[in-house]
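Read through the structure below, which is laid out as structure tokens, and then see the notes.
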Amino acid sequence: MTMARPTALSTACGAEWVRKNASTTWLTRHLGLWARNLEPLRPLCAPAARATDREASWPLPRDLSSAGRARRLARGSLRDWDLDQLTETAELLVSEVVGNALRHARGPVRLNLRATGDRLMCEVEDTCDTAPVRRTTDLGAEGGRGLDLLDLLSESWGSARTATGKSTWFVLSAPSR
């Protein structure tokens, strides 16, 4: 091991500090800083990184039971957040949006819920980057009315492209008491 010659830095900061930090180059330090700022996207098969008592996130498997599981998870969260008056509408719309994600996306799906005051924001993330498309349906058709339900029952809704696909969201507000 070769000894480094004393420099102005080692004299000012102390030789021990320089020995501990000499292997850290400018590039290494800056890559470390950027890595903290640009954390990799959370995969949809994992919960979103949220840590408040009024936010919840669950990955949903690609199977027929996921819409029912999403309804149960939403019902439980709304009960915990004292938003019971939104339960029926939220269950219907969560089921619709999750069902569409499972029907049209090929990869994982994630349900995110966030309550702010008396409002609920529901977001369903999937790997399909195609925005929802309104279809004209026959009176006897069993499906094709999901966007009409969102228009009718939610305060607002939308869809946005994400780095992993898209996010379809809606907002519900509790009626005034």
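Values in this text are rule-based calculations from the coordinates and carry no lab data. Keep in mind it's a predicted model, so treat the numbers as computed, not measured. With ideal geometry, Cβ positions are generated from the backbone for all residues, glycine too; neighbour counts draw on all protein chains shown.
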Inset, instruction - Could you check the simple spin-label distance between Arg79 and Ser176, using points 7 Å along Cα→Cβ, in nm with one decimal? - result: 3.0 nm
Inset, instruction - Provide the per-residue ³J(HN,Hα) series for segment 66-75, in order, calculated from phi with Karplus coefficients 6.51, -1.76, 1.60 and θ = phi - 60°, each as a whole number of Hz, with x at glycine and proline positions. - result: 5, 5, x, 5, 4, 4, 5, 5, 5, 4
Inset, instruction - Which order do the peptides 164-172, 61-69, 114-122 take when ranked by the mean count of other beta-carbon atoms within 10 Å per residue, highest first? - result: 164-172, 114-122, 61-69
Legend entry - Label-point gap, in nm, between Thr162 and Arg72 - each point 7 angstrom along Cα→Cβ: 2.3 nm
Legend entry - Fewest-first sequence of Leu92, Leu73 by Cβ atoms within 10 Å of each Cβ: Leu92, Leu73
Legend entry - Extension gain from Leu153 to Arg62, taking 0.36 nm per residue of separation minus the Cα-Cα distance: 30.1 nm
Inset, instruction - Show me 78-85, 53-60 ranked by packing, highest mean number of other Cβ atoms within 10 Å first. - result: 53-60, 78-85
Inset, instruction - May I ask you to derive the FRET efficiency for Thr52 and Arg134 from their Cβ-Cβ distance with R0 = 35 Å, giving the value to the nearest 0.05? - result: 0.55
